[in-house]
Each structure stands twice: as C-alpha cells, then as structure tokens.
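Novice: To start, I am sharing the structure in question, which I have written as structure tokens.
The values are calculated or read from the model by the stated rules, or taken from the named source; none is laboratory data. None of the values given here were measured: they were computed from a predicted structure. Neighbour counts run over all protein chains shown; Cβ positions are idealised from the backbone, glycine included.
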Amino acid sequence: MTSNDKLDHLLGFGVLAAAGLLALAPARKHQLTVGLGTLAYGALIELLQTQVPGRSGELHDVLADALGVVLGITVVGALRWRFRDAAH
C-alpha cells in the first residue's frame, strides 16, 4: 500500500461518518449509531480482505478508521454548534 494508507483510512472514514451524520437530523441523536455503524463497516472490510488472495486485513487500518469516525463526528458536531449559535 501507499505510505499514506493510514491517512487515507482516517480521511475516508471521517468523510463517510460526517456524510452519514449530515444525512440524519438531529445529528446528536444519531452520533452513536453512525459511529458504530461506520466502524463496523470498516472492521468488516478488513475481515473480508483476509479471504481475498494477496490481501490482508490490518488492525491498524481499523484503528485509523476509528480515528476518522471520531474526527468526522466531531467536525460535524462543531460545525452544527457553530452555525446554530450564529443563527441565533
């Protein structure tokens, strides 16, 4: 993989979690569901890769996915908080 593999996982899953959270309203109500669902998706991908010849699943990829999920949810929460305060 590229030297940016873990960064790719972090950013990709951050965007995925943020998009999932933005698709649901109110966001706070769905943070845990989106977070766990997105993380489960990442873990499943890594698990399934162990069944593909020439591929391997990595725990470090799942950890990078998890950090991305937390980052994505945090950014959406901060932006919603910021713009909610600006609207009042």
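Novice: Taking the stated definitions as given, is Arg55 surrounded by fewer than 19 Cβ atoms within 10 Å (Cβ to Cβ) and in contact (Cβ under 8 Å) with a residue 40 or more places away in the chain?
Specialist: no
Novice: Would it be correct to say that Leu39 is touching a residue at least 24 places away in the same chain (Cβ under 8 Å), touching a helix residue (DSSP H, G or I) at 6+ places or on another chain (Cβ under 8 Å) and of a type in the set (A, V, I, L, M)?
Specialist: yes
Novice: Lys29 is checked against (1) among the basic types (Lys, Arg); (2) in contact (Cβ under 8 Å) with a residue 12 or more places away in the chain; (3) closer than 15 Å to Val76 by Cα and fails just one. What number does that condition carry?
Specialist: Among (1) among the basic types (Lys, Arg); (2) in contact (Cβ under 8 Å) with a residue 12 or more places away in the chain; (3) closer than 15 Å to Val76 by Cα, the lone unmet condition for Lys29 is (2).
Novice: Still on this structure, please answer the following. Mind checking which residues of region 1-49 are among the polar types (S, T, N, Q) and modelled with pLDDT of 95 or more?
Specialist: Residues satisfying the conditions are Thr38, Gln49.
Novice: Restricting to region 32-88, give me the number of residues that are part of a helix (DSSP H, G or I) and either touching a Cys at 6+ places or on another chain (Cβ under 6 Å) or not hydrophobic (A, V, I, L, M, F, W, C) (or both).
Specialist: Result for region 32-88: 19.
Novice: Within the group Leu71, Leu11, Leu79, Leu24, which residue is surrounded by 12 or more Cβ atoms within 10 Å (Cβ to Cβ), touching a Phe, Trp or Tyr at 6+ places or on another chain (Cβ under 9 Å) and of a type in the set (A, V, I, L, M, F, W, C)?
Specialist: On the way: Leu11 fails: touching a Phe, Trp or Tyr at 6+ places or on another chain (Cβ under 9 Å); Leu79 fails: touching a Phe, Trp or Tyr at 6+ places or on another chain (Cβ under 9 Å); Leu24 fails: touching a Phe, Trp or Tyr at 6+ places or on another chain (Cβ under 9 Å).
After ruling out the rest, the residue left standing is Leu71.
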